[in-house]
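The values are calculated or read from the model by the stated rules, or taken from the named source; none is laboratory data. Since the model is a prediction, treat every value here as computed from it, not as a measurement. Glycine gets a Cβ as well: all are built from the backbone with ideal geometry, and neighbour counts include every protein chain shown. Protein only, heavy atoms only, side chains kept; ligands, DNA and RNA dropped before computing areas. Shrake-Rupley method; radii C 1.70, N 1.55, O 1.52, S 1.80 Å.
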Amino acid sequence: MSLRMLAAALFTCSLLTALPTAVGEPAASAGVLGLRMLDLEGRNHQLGDSDSCRGVALVFLSPECPISNQYLPELNRIARQFAAAPVEFYGVVADPALGRDKVEAYRREFAIEFPLLFDTAGLLAGVCKPTHVPEAFVFDSRGGLAYRGRIDDQFASVGRRREQARERNLFDALTAVVAGQQPTPVRTEPVGCKLQPFAQPATVTYARHIAPILYARCVGCHRPGEVAPFPLVSYEDAAKRAEFLAEVTGARLMPPWHARPEVGHFRGDRRLSDREIELIAAWAKAEAPRGDEADLPRLPQFTEGWQLGKPDLVLAMEQEFHVPADGPDSFRFFVIPIDIPEDKVVRAVEFRPGNPRVVHHAILYLDASGMARKRDLEDPEPGYEGFLTGGFQPSGTLGFWAPGYTPRFLPAGIGQHLKQGSDLAMQLHYHPSGKAETDRSQVGVYFADKPVEKFVSGLALIDFKVDIPPGEAGHKMQYSFTTPVDLELLDVTPHMHMIGTEMKVVATRPDGAQVPLVWSKWNFNWQEQYLYREPVKLPAGTRFDLEAWYDNSAANPYNPNQPPARVRFGEMTTDEMCICAFRLIGDPDAGNRDALKKALRKSMQDQLSDPAVMLQVMQVIARGTPQGEKPNVRDLISSAGAASRDDDKPAKPAQPDADK
């Protein structure tokens, strides 16, 4: 067996996974970006989370203000003008005296074309604190308030209207934000109807305050047929769990999101705002009043089955695999031919576990050699057992899945190459559930519909020196790596096993400036790939410093060993890992790629110079070596850094059919 690409294997194991600024720097008004709100039609919006979003516009309105109503044709025009631009445009109604039926009638009567958010809980009003309607707020890509004030200067004051506006302030502010510039002016005085400060409701009800939160935040998972253990789609579902909901949201256990808020700006942030947590607590304390049914929002419409929509290609296991009730974990490869007429460019991959109770993770290797298919034919059962790369040299990967992973399309202009004639060699890690189970998992592949400019590659920081004494509650590991080439980071994926508790990674630029990249609590049962809101650019000479903490004490309920035992590096659930993986935008050129591989190889050699580390790694390698072959650590060292690219990447970027 060739053990080249072990670094790539470990990297993919870890892949459970423009105003560039320091990732950890707090942004002004950061409470707007990331909020999830339903519009009146039941569509779920996470503000600022759309692909390549450069800004968010919120315009506070009221059906009871004539000046607000007179601006609706102009607001429709602005929304149309920016429909294809990387900005999001919303209207907001935040009047606690208005019912949902009146706001819906208002939207229909005035033919409002942009999403209209009914802010019944005052989530947006509490952050923006508008004084008038209409009043516009424009936020940049990091949540900073770029502009606040009037839509234009057509109204000099209440009752004094010009024939035509001389300044289009909202339009100009959006134009500036799209261009990555600061609007001028940044603030104007709004003209319209005075808006009273948003008052706290005397009674928090399910229909008006809690259902909008649960529909926007929770029912994506908490509905029949999805991963959550119980539904939250009705009043009855929520009311009988009101105290429990207050407890888990107050402790920030749910919705699950483990990255610290002060480190990193990530898309898809699931954290509730303080205001949402307070409302749930108040509702539970008041014994969960139902409220007026007329205030209920529409239940969101979800895409059933594939989260990203119908795939262009579905790759499925040919047969069910039977998982026994107990016994050791199983690492099994299932080989699926990829039937495509020519090379393709992939924008997204979605893995759907056939049985989430037993599928711990999936690694989606690519094999262009036919070796995985040969090994599969030698095993009479579906698939074949194998660790690491499964007895073949991967030509690349399509990604990874673990509980908590959310599929996403790559940003515009970025893709991943898929070579014609490749097989998908899908390694599934099965963990027995206590009863006999079956699984038939599948993978959906989404191709680019237009040419891409850049391809993704990868970088993995791997510390093999895992040796955690039994009983130690705060074991700390440290690892450093200095990149010899410029890098642009797309996302970050920490990876540990059962007794990991936290991981922190900081980059220090050559000038000494620090860029916090991630600081995440660790939960083995809900693993995340954190997508940066803006790619992080790091120059050559930047040092990555990784710190990881482990709890190997008897008090740790996740500790698989009772009493605690010494834990070392390995692939089994009861072993441990210390890995942080990054996807990179743009494959380095040949010279830079060789320099990066050399630096990673040197890092591995330094670690394997310790005989104990060498022995442990050799034992892991031996598990995945076919009978009759000898593990070869020289291949391991010589191939270190292979994870920095996919070997099937074309010399000239492949493009999709022009007529697709």
For this session: Keeping all protein chains in place, calculate the accessible area per residue for the range 566-619 (probe 1.4 angstrom), answer in Å².
Result: 42
Seminar exercise, completed: Length gained if residue 163 through residue 282 is fully extended, taking 0.36 nm per residue and subtracting the Cα-Cα distance, is 37.9 nm
Seminar exercise, completed: Residues whose built amide H sits under 5 Å from the amide H of residue 447, excluding neighbours closer than 5 in sequence, are 312, 347
Exercise. On full extension of the chain, what length is gained from residue 453 through residue 406, given 0.36 nm per residue of separation minus the C-alpha to C-alpha distance?
Worked result: 14.5 nm
Problem set entry | Distance violations [Cα-Cα > 22 Å] among 419/454; 419/450; 374/454; 344/374; 476/597; 310/344 | 374/454; 344/374; 476/597
Problem set entry | All lysines inside 25 Å of residue 102 as judged from Cα atoms, apart from same-chain residues fewer than 8 positions distant | 129, 194
For this session: Report the GluC sites (Glu not before Pro) located in the range 411-472 that are in a DSSP loop and have at most 12 other Cβ atoms inside 10 Å of their Cβ, or state none.
Result: 453
Seminar exercise, completed: Checked against the positive end of the charge dipole of the chain (+1 on Cβ of Lys and Arg, -1 on Cβ of Asp and Glu, about the Cα centre), the farthest of 605, 538, 400 is 538
Exercise. For a label point 7 angstrom out from the Cα of residue 314 toward its Cβ, which stretches of the range 411-453 have the backbone nitrogen within less than 14 Å?
Worked result: 440-446
For this session: Tell me the label-point distance for the pair residue 260, residue 594, using the 7 Å Cα-to-Cβ offset, in nm and rounded to one decimal.
Result: 4.1
Exercise. Can you give the charge dipole size of the chain about its Cα centre, rounded to the nearest 20 debye, using +1 on the beta carbon of Lys and Arg and -1 on the beta carbon of Asp and Glu?
Worked result: 1120
Problem set entry | Under 5 Å, built H, 5+ apart or other chain: amide partners of residue 88 | 55, 56, 57
Exercise. Quick one: accessible area per residue over the range 106-234, 1.4 Å probe, rounded to a whole number of Å²?
Worked result: 45
Exercise. So what are the radius of gyration and Dmax for the Cα set of the range 507-625, in Å?
Worked result: 17.6, 51
Seminar exercise, completed: For residue 572 and residue 306, extending 7 Å from Cα along the Cα-Cβ vector and measuring point to point gives, in nm, a value of 3.8
For this session: Multiply the residue gap between residue 248 and residue 77 by 0.36 nm, knock off their C-alpha separation, and tell me the result in nm, one decimal place.
Result: 57.2 nm
Problem set entry | Rough spin-label spacing in nm, given labels placed 7 Å along Cα→Cβ, for residue 156 and residue 525 | 6.7
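Give me the percent of accessible area attributable to carbon and sulfur for the range 406-527, probe 1.4 angstrom.
Values: 2090 of 4340 Å².
Taking all protein chains in place, the range 406-527 shows 48 percent carbon and sulfur surface.
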For this session: Calculate the length of the line joining the C-alpha centroid of the range 145-163 to that of the range 392-448, in whole Å.
Result: 53
Exercise. At a probe radius of 1.4 Å, what is the per-residue accessible area of residue 492, in Å² to the nearest 10?
Worked result: 0
Exercise. At a 1.4 Å probe radius, carbon and sulfur cover how many percent of the accessible area of the range 169-256?
Worked result: 58
Problem set entry | Derived scalar couplings ³J(HN,Hα) [the range 297-303; Karplus, 6.51 cos²θ - 1.76 cosθ + 1.60; whole Hz; x for Gly, Pro] | x, 5, 5, x, 9, 10, 6
Exercise. With N residues in the range 470-575, what two-decimal value do you get for its Cα radius of gyration over 2.2 N^0.38 Å?
Worked result: 1.22
Problem set entry | the range 26-125: relative contact order as a whole-number percent, Cα under 8 Å and 6+ apart | 30
Exercise. Between the DSSP loop rule and a limit of at most 10 other Cβ atoms within 10 Å, which GluC sites (Glu not before Pro) in the range 106-169 are left?
Worked result: 163
Exercise. Along the range 559-576, what does the Karplus equation 6.51 cos²θ - 1.76 cosθ + 1.60 (θ = phi - 60°) give for ³J(HN,Hα), rounded to whole Hz, x for Gly and Pro?
Worked result: 5, x, 10, 10, x, x, 10, 4, 10, 10, 4, x, 8, 5, 4, 7, 7, 9
Exercise. Which whole-Hz couplings ³J(HN,Hα) result when phi for each residue of the range 446-460 is put into the Karplus expression 6.51 cos²θ - 1.76 cosθ + 1.60, θ = phi - 60°, listed in order with x for Gly and Pro?
Worked result: 10, 8, 5, 9, 7, x, 10, 9, 9, 10, 8, 9, x, 9, 10
For this session: Run down the aspartates and glutamates and flag those whose C-alpha is under 12 Å from the C-alpha of residue 465, throwing out any fewer than 8 positions away in its chain.
Result: 576, 606, 610
Exercise. So if R0 is 45 Å, what FRET efficiency would residue 108 and residue 199 give, r being the distance between their Cβ atoms, rounded to the nearest 0.05?
Worked result: 0.95
Problem set entry | Accessible carbon and sulfur surface of the range 346-398 relative to its total accessible area, %, 1.4 Å | 50
Exercise. Is any residue of the range 567-581 close enough, with backbone N under 17 Å, to a label point placed 7 angstrom from the Cα of residue 615 along the Cα-Cβ axis, and if so, which?
Worked result: 567-570
